[in-house]
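The values are calculated or read from the model by the stated rules, or taken from the named source; none is laboratory data. Just so you know, these numbers come straight off a predicted model, no measurement behind them. Backbone-built Cβ (ideal geometry, glycine too); neighbour counts: all protein chains shown. Just the protein is used for accessible areas: all its heavy atoms, side chains included, with ligands, DNA and RNA removed. Shrake-Rupley method; radii C 1.70, N 1.55, O 1.52, S 1.80 Å.
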Amino acid sequence: FAKEEEKVVNPPWFYQVSEDDLETIEVINGDNQVKFLKIAERTWAFEDPAGIPPKHERWGGISLLVAGPQVRRNLETTATTIENPEQYGLDEPTIMINVGLSRGRNLNVRLGKKTTDGRHHYGQVIGFPQLFLVVRNWGEVIGRLAAEPPLPKWFVKRNPEDILEVNIYSGTKTSDETHRVRFTRDQ
């Protein structure tokens, strides 16, 4: 009675692309939409407001997540094609992710309803008939980018009409050579 080694079957990938191939990431979550552009190697910025980098505490690892999640299981064994997208909430997806890749390629992903236990989303890559179960947390992290954009702490949206004065300082706080330029609005 020889002991047989159990083969560990790795979970399938929902999709998988190289992080280096990512050029744009657009997330649509309900009425909220945000798009990020790669402006240099491993450097990302919002499309609007243009050039503003995302808050690094929330952005760290996002490109790795977007490069492709593993999934709990592929539902292809029970249904080779999605006959009724409405059944899974894929006709009106909760979250859509549009990924722009190098050489003009695109990947469009949609996440539909949650499973009855609430632990997974039904997911599909547009153009492919397979149905997958994607971990709820992955969808929540990606969807939150649109619902609560990761703007840096220093970025504050202001109505220009509300600004009465701008002061610009050069030098250091302890230097005697600190210079100030002051702009005020005529009222």
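Close amide H partners of Trp44, meaning residues 5 or more places away or on another chain with modelled amide H under 5 Å apart, are Ile39. Restricting attention to the chain, the count of lysine pairs at 8 or more positions apart or across chains with alpha carbons under 24 Å apart stands at 10.
Converting the Cα gyration tensor eigenvalues of the chain into ellipsoid dimensions via √(5λ) gives semi-axes, longest first, of 45, 20, 15 Å. In this simple spin-label model, placing a label point 7 Å from the Cα along the Cα-to-Cβ direction at both Ser170 and Ala2 gives a separation of 8.0 nm.
Work out the FRET efficiency for Thr24 and Glu140 from their Cβ-Cβ distance, taking R0 = 35 Å, and round it to the nearest 0.05.
0.95
Modelled this way, with points 7 Å down the Cα-to-C-beta line, the labels at Arg103 and Gln70 are 2.7 nm from one another.
Per-residue ellipticity at 222 nm from helix content only, as computed over the chain with -39500 (n - 2.57) for each DSSP H run of at least four residues, stands at -3000 deg cm²/dmol. The apolar share of the surface of region 9-116, taken as the fraction of accessible area on carbon and sulfur atoms (1.4 Å probe, ligands and nucleic acids excluded), comes to 45 percent. Against the chain, whose longest principal axis is taken from its Cα atoms, helix 136-147 shows a tilt of about 30°.
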